[in-house]
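Let me begin by presenting the structure, written as structure tokens, before commenting on it.
What follows draws every value from the coordinates through simple rules; no lab data is involved. For clarity, every value in this text was computed on a predicted model and none was experimentally measured. Note that we place each Cβ from the backbone using ideal geometry, even for glycine, and neighbour counts take in every protein chain shown.
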Amino acid sequence: MKLIMAIIKPFKLDDVREALTPLGVQGLTVSEVKGFGRQKGQTEIYRGAEYHVSFLPKIKIEVVVADDLADSVIEAIAKSAHTGKIGDGKIFVLDIARAMRIRTGETDTEAL
Amino acid sequence: MMRPRLNWGLGVLLPALLVAAPAFADDPPKIDTGDTAWMLTSTALVLMMTIPGLALFYAGMVRKKNVLATMMQSFTICCLVTVVWMVAGYSLAFTNGNAYIGDFSRFLLSGIGSNIVKGVDQVFVLGAGTDAAVPTTVPESVFMMFQMTFAIITPALIAGAFADRMKFSAMCIFMVLWSLFVYSPIAHWVWAPTGWMFALGVLDFAGGTVVHINAGVAGLVCALVLGKRNGYGTNNMAPYNLAYAVIGASMLWVGWFGFNAGSALSAGGRAGMAMAVTQIATAAAALGWMFAEWITKGKPSVLGVVSGAVAGLVAITPASGFVLPGSAIIIGLAAGVVCFWAATSLKHMLGYDDSLDAFGVHGVGGIVGALLTGVFAYAALSATDATPDGISGGIDQLKLQVIGVVATIVYTGVMTLILLMITKALVGLRVAEEEEREGLDIVLHGEQIF
């Protein structure tokens, strides 16, 4: 099993979800996060006082899938979250040791 | 200036009143229900300026950790000053006394109900028994309440200068002292017929000196004495929620019709013109600030346009009731551009941390308005049968306005410094550094908005 963690632009969330559903992804977790990358931040000015905002709002998606599905999920996210402009985000992939559905007690890929 | 504000203002509408002016006349003038209804309405409007208007305006500009503490300041000042005004503030401001301070004849509002017979009150005569007595057409309870709402908003305006860092206990003590020893005397000078500025002929229709220069300069002294916020100039101090500030500024705008048009103390032509010039100057100032910012900084900001509107409201305050719409446009534009410069450049040049620009907007806007009142006063608005010439703007009137401005700046500057030192000796002024970092909401009040 793989955990696929993607940091994307907030307005791309619906596109990503729509791209993942046909692949058989049964669920995912979304968080509102802030961070910085090569995009750096932006400048805000209030009554002449300038503030450099270095952390920009992003969406973090976490989805756990079976190993054979991982490549197509990564590809779908990369395609649907792409704008070509700086700040599109990143995808990270981690190995998952175990999984369990709390309600039924099913484990590993059956729990996904 | 209450001579023009009351005497000549009412004279236009009710010349007969002047004949029956003495309070002990055989057939006392009756209360005008229309005027009284407007004054009751105005009183409610001006109270709305402080809670929730100013509370929202200020709370929207501070950081998330200080939102409740900032609203708490406006709300608590409202309650404290109400009691202070009832106990002694009103008496010190509006009884005859001498040229500098009233007396204690209305201590605890004693005697305010003594003329009521079968539920009907007599008209209130300001300065009764003196040569300069000014009759109104409303009961004293209404006049006292209307003036109370002015006494409330003035110290609440100061709070913008020391936002994010003053102890709550210190704020309470300072505001009670300030209301008694600074607000009441200056209100007496300008608006009581026995006051020295009133006698001199300084014009201040609705409180350019008494309220705005007074609060603005006190705010500047507070900012200088308390020092900068921790992290000023390095940390991000961007406003938490400017939508609050927009709502607050809009409520200030609407409430200000009570402030300015209400200061006619009657529902007539002068109140109507005061309302018209208030609207016009406010819009002009908002646009002045917006375009100045757009041109010099590249973007017209939301905080900028609402700040400009407040600057315009401030500047037209002393002039409303004396000027015509054409002058109002000029006063507004001047206030918008000058206050923009004061809040965005002057403050950074001089290096003080007036957190929410109590001085930059109220102090500077008040000075612009007070001076331009002396330039643009239109005689017919203040002319009466007794004084058919009215008051025209010109070099002589401008000189009087300068005296009023300078006297107010000096008195409030010195007294604010003294009262801050007394408060500092009693409880200290600032919260500890780590408390400031943690945020006043949780540290001072044990609550948070999130």
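So what are the ³J(HN,Hα) numbers for region B:376-393, from phi and the Karplus equation (6.51, -1.76, 1.60; θ = phi - 60°), rounded to whole Hz, Gly and Pro as x?
With coefficients 6.51, -1.76 and 1.60, one gets 9, 3, 9, 4, 4, 5, 9, 6, 9, 4, 6, 10, x, 6, x, 10, 9, x Hz.
If you rank A:E75, B:E293 by fewest surrounding Cβ atoms within 10 Å, what's the result?
Numbers: A:E75 13, B:E293 25.
Going from sparsest to densest Cβ surroundings: A:E75, B:E293.
Below 8 Å, C-alpha to C-alpha, sequence gap of six or more: please give me the relative contact order for region B:216-330 in percent.
For region B:216-330, the relative contact order is 29 percent.
Could you state the angle between the C-alpha long axis of helix A:67-80 and the longest principal axis of the C-alpha atoms of chain A, as a value from 0 to 90 degrees rounded to the nearest 10?
It is inclined by approximately 30 degrees.
So if I place +1 on the C-beta of Lys and Arg and -1 on the C-beta of Asp and Glu, and nothing else carries charge, what would the dipole magnitude of the protein assembly as shown be about its Cα centre? I want it in debye, nearest 20.
Using Cβ point charges on Lys, Arg, Asp and Glu, the protein assembly as shown gives about 800 debye.
Using the Karplus curve 6.51 cos²θ - 1.76 cosθ + 1.60 with θ = phi - 60°, what ³J(HN,Hα) values do you get for each residue of region A:24-30, in whole Hz, with x for Gly and Pro?
x, 6, 8, x, 7, 10, 10
Roughly speaking, what is the centre-to-centre gap between region A:35-112 and region B:330-350 when only Cα atoms are used, to the nearest Å?
Answer, in whole Å: 45.
At a threshold of 8 angstrom on Cα-Cα distance, excluding pairs fewer than six apart, so keeping six or more, what relative contact order does chain B reach in percent?
Normalised by residue count, the contact order of chain B is 24 percent.
Arrange the following residues from fewest to most other Cβ atoms within 10 Å of their Cβ: A:S54, B:S91.
A:S54, B:S91
Tell me the label-point distance for the pair A:Q26, B:I395, using the 7 Å Cα-to-Cβ offset, in nm and rounded to one decimal.
9.2 nm
Fully extended, how many nm does the chain gain between B:S169 and B:A199 (0.36 nm per residue separation, minus their Cα-Cα distance)? Don't skip to the end; give the middle numbers.
Working: separation 30, 0.36 × 30 = 10.80 nm, distance 3.84 nm.
Additional length available on full extension: 7.0 nm.
Run the dipole for region A:2-111 about the Cα centre, Lys and Arg Cβ at +1, Asp and Glu Cβ at -1, nothing else charged, and hand back the magnitude in debye, nearest 20. List each step's numbers first, then the result.
On the way: 16 positive and 16 negative charges, 119 e Å.
With Lys and Arg at +1 and Asp and Glu at -1, about 580 debye.
Using a 7 Å offset from the Cα along the Cα-to-Cβ direction at both B:V410 and B:L109, what is the distance between the two label points in nm, to one decimal?
That separation, rounded to one decimal, is 3.7 nm.
For labels at B:Q122 and A:I91 in the simple 7 Å Cα→Cβ model, what's the distance in nm?
Taking the simple label geometry, B:Q122 and A:I91 are separated by 8.9 nm.
Set the Förster distance to 35 Å, then compute FRET efficiency between B:V302 and B:A432 from the Cβ-Cβ distance, nearest 0.05.
0.55
Rounded to the nearest 0.05, what FRET efficiency do B:I442 and B:Y232 have when you use their Cβ-Cβ distance and R0 = 22 Å?
The formula returns an efficiency of 0.55 here.
Tell me which of B:A432, B:G34, B:A358 sits at the most positive position along the dipole axis of the protein assembly as shown, charges placed on C-beta atoms (Lys, Arg +1; Asp, Glu -1).
In the protein assembly as shown, that residue is B:A432.
Along the charge dipole of chain B, pointing to its positive end and built from +1/-1 on Cβ of Lys, Arg, Asp and Glu, which listed residue (B:F168, B:T209, B:M415) has its Cα farthest out?
Checked the options; the winner is B:F168.
Any chance you could check the Cα centroid distance between region B:181-222 and region B:275-295 for me, in angstrom?
25 Å
Sticking to Cα atoms, compute the Rg of region B:142-276 to one decimal and its Dmax as the biggest Cα-Cα distance, whole number, in Å.
Rg, Dmax (Cα atoms, Å): 17.2, 53.
How do B:D353, B:D131 rank when sorted from fewest to most other Cβ atoms within 10 Å of their own Cβ?
B:D131, B:D353
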